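Engineer: Let me begin by handing over the structure; questions about it come next.
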Amino acid sequence: MQELRPNVYSIRAIDWDRRLFDELIPLPEGTTYNAYLVEGSEKTALLDTVDPTKTGMLLGSLAASGVERIDYVVSHHAEQDHSGSIPAVLARYPHAQVVTNAKCKAMLIDLLRLDEDKFLTIADGQTLSLGDKTLQFFDIPWVHWPETMCTYLAEDRILFPCDFFGSHLATSSLYVEDEPLAYESAKRYYAEIMMPFRTIIKKNLEKLSRFAIDMIAPSHGPVHGRPEMIVTAYKDWVGDRVKNEVVLAYVSMHESTKLMVEHFSKALVERDIIVKQFNLTSADLGRLAIALVDAATVVLGSPTVLTGAHPKTAYAAFVANALRPKTRFASIIGSFGWGGKMVEQLAGLLVNLKVELLPPVIAKGLPKPEDLAALEGLADQILAKHQAAGITK
Ligand code: FEO
């Protein structure tokens, strides 16, 4: 346990080796699962637990620090990386009550088979006195599950927001020290976990803005001792501003699409548009997600395979559609040999995006001069659209 403030402690399980979350999301920097202990003059509360693979680490830390009694286990979020050790904590501290909202309670009963009589159900805005410290709970729905809530510790001006403001970053540093690394990790986390809920996160940011917050203690990654950095970053990410950038994600089998991508990329750069190019045969899904956070335009590149899109491009389109970035424009480039429905298939996978679909450029076989000219025409259109929308940087 490490002290954040007098009688407020961080208990972290650092997972240096984890490389995948939800069997989907790459974790190049590992992660941490953060629980917190708040000892009031009368009661003690544990805020969240850790991933079930690290239960021993949590119980070991509590035992090593001589914690003999826990009165409350606050559960901000039912996902198992924070709730999964609750059964073991209740077994060790049988008098503890699980404090959470009604939605989270129902989910914990479903996911962990906890007994109904173990719960103390609280409402949005309710307080819980620990004696000389007071926990106040706020619902922050869809950040990123419907039941999610956070705790504000008024006496120490600390916000415990669970996944909100978190990052998958294994580090021995308790606090953010390397701000560029923390920013990049937090942006990756936002892109992969939070971005689909951008609009509601904006509302939740407003809800929290009325509190004086000296420290943000999330459930993943280092603690923000200087909260302005992460709060400013989130306001930017959830805001409506997009950048003069094109995310160009493609696959090529026999060089036709590759030649088109190279020509198109050069044409965009000549028009002072930043290009973020991803060859989907080897791209890190997380880096693609980060690029989607603020790019004004997405262009998918694909050959035609078995009359449809290349499965790797289709996968990227499916992921982008699920992540719902604030992208304004989209298009498709690529090639075919004898026919197919590649364009219709990819366009049909982007239905969640509120984008204007610009005319695709598709070549039969190797791109001919007129195909390359059409790519330059698409670059012109993107430039004109960006300029008309005031997107210049
Ligand atoms: Fe870190 Fe949504 O769990």
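Engineer: Students often get this wrong: which residues of the stretch 213-236 have the backbone nitrogen under 11 Å from the point 7 angstrom along Cα-to-C-beta of Arg157?
Structural biologist: Answer for the stretch 213-236: 213-215, 227.
Engineer: Pairs of alpha-carbon atoms within less than 8 angstrom and 6+ residues apart define the contacts here; what relative contact order does the stretch 19-132 have, in percent?
Structural biologist: 25 percent
Engineer: When the Kirkwood hydrodynamic radius is evaluated over all pairs of different C-alpha atoms of the stretch 246-386, what value in angstrom, to one decimal, is obtained?
Structural biologist: Mean inverse Cα-Cα distance, inverted, gives 14.6 Å.
Engineer: Next question, about the same structure. For a quick check: sort Tyr183, Tyr250, Tyr36 by the number of other beta carbons within 10 angstrom, fewest at the front.
Structural biologist: The order, fewest Cβ neighbours first, is Tyr183, Tyr36, Tyr250.
Engineer: Shifting gears a bit: Filter the trypsin sites (Lys or Arg not before Pro) in the stretch 143-227 to those in DSSP coil with at most 13 other Cβ atoms within 10 Å of their Cβ, and list the result.
Structural biologist: For trypsin sites (Lys or Arg not before Pro) across the stretch 143-227 that sit outside H, G, I, E and B with at most 13 neighbouring Cβ atoms in 10 Å, the list reads Arg210.
Engineer: Given the alpha-carbon gyration tensor of the stretch 84-149, what are the semi-axes of its equivalent ellipsoid in whole angstrom, ordered largest first, with each equal to the square root of 5 times an eigenvalue?
Structural biologist: Result for the stretch 84-149: semi-axes of 19, 18, 9 Å.
Engineer: Related question: Rank by packing, highest mean first: peptides 211-222, 304-315, with packing defined as the count of other Cβ atoms within 10 Å averaged across residues.
Structural biologist: By packing density, highest mean first, the sequence is 211-222, 304-315.
Engineer: What does the extension gain come out to for Arg113 and Gln126, with contour length at 0.36 nm per residue minus their alpha carbon separation?
Structural biologist: 2.1 nm
Engineer: A further question on this structure: Which of Trp145, Trp16, Trp237, Trp338 has the fewest other C-beta atoms within 10 Å, and how do the rest follow up to the most?
Structural biologist: Listing Trp145, Trp16, Trp237, Trp338 from fewest to most nearby Cβ atoms yields Trp338, Trp16, Trp145, Trp237.
Engineer: Here is a further query. How big is the gap, in Å, between the Cα center of the stretch 95-142 and the Cα center of the stretch 188-248?
Structural biologist: Using only Cα atoms, the two centres lie 24 Å from each other.
Engineer: What FRET efficiency would be calculated for the residue pair Leu20, Ala233, taking the C-beta separation as r and a Förster radius of 22 Å, to the nearest 0.05?
Structural biologist: Step by step, r from the Cβ atoms, then E = 0.35.
Engineer: Can you tell me the 0 to 90 degree angle between the C-alpha axis of helix 256-270 and the longest principal axis of the chain, rounded to 10?
Structural biologist: Between helix and principal axis, roughly 80 degrees.
Engineer: Further question on the same structure: Could you please rank Asp22, Asp71, placing first whichever residue has the fewest other Cβ atoms within 10 Å of its Cβ?
Structural biologist: Asp22, Asp71
Engineer: Turning to a different aspect of this structure: Straight-line reach only, C-alpha to C-alpha below 20 angstrom: list the lysines that Lys133 could link to, leaving out same-chain residues fewer than 8 apart.
Structural biologist: Lys43
Engineer: Given the stretch 71-204 reduced to its alpha-carbon atoms as identical point scatterers, what log10 I(q)/I(0) does the Debye formula return at q = 0.10, 0.20 Å⁻¹?
Structural biologist: Reported log10 I(q)/I(0), two decimals: -0.36, -1.27.
Engineer: Can you tell me the alpha carbon radius of gyration of the stretch 2-238 divided by the globular rule-of-thumb value 2.2 N^0.38 Å?
Structural biologist: The reported ratio for this selection is 0.92.
Any read-out appearing in this document is the output of simple, stated calculations on the displayed coordinates, not a laboratory observation. Please read these numbers as outputs of a predicted model, since none were measured by experiment. Positions of Cβ are generated from backbone atoms using ideal geometry, with glycine treated the same way; all protein chains shown enter the neighbour counts.
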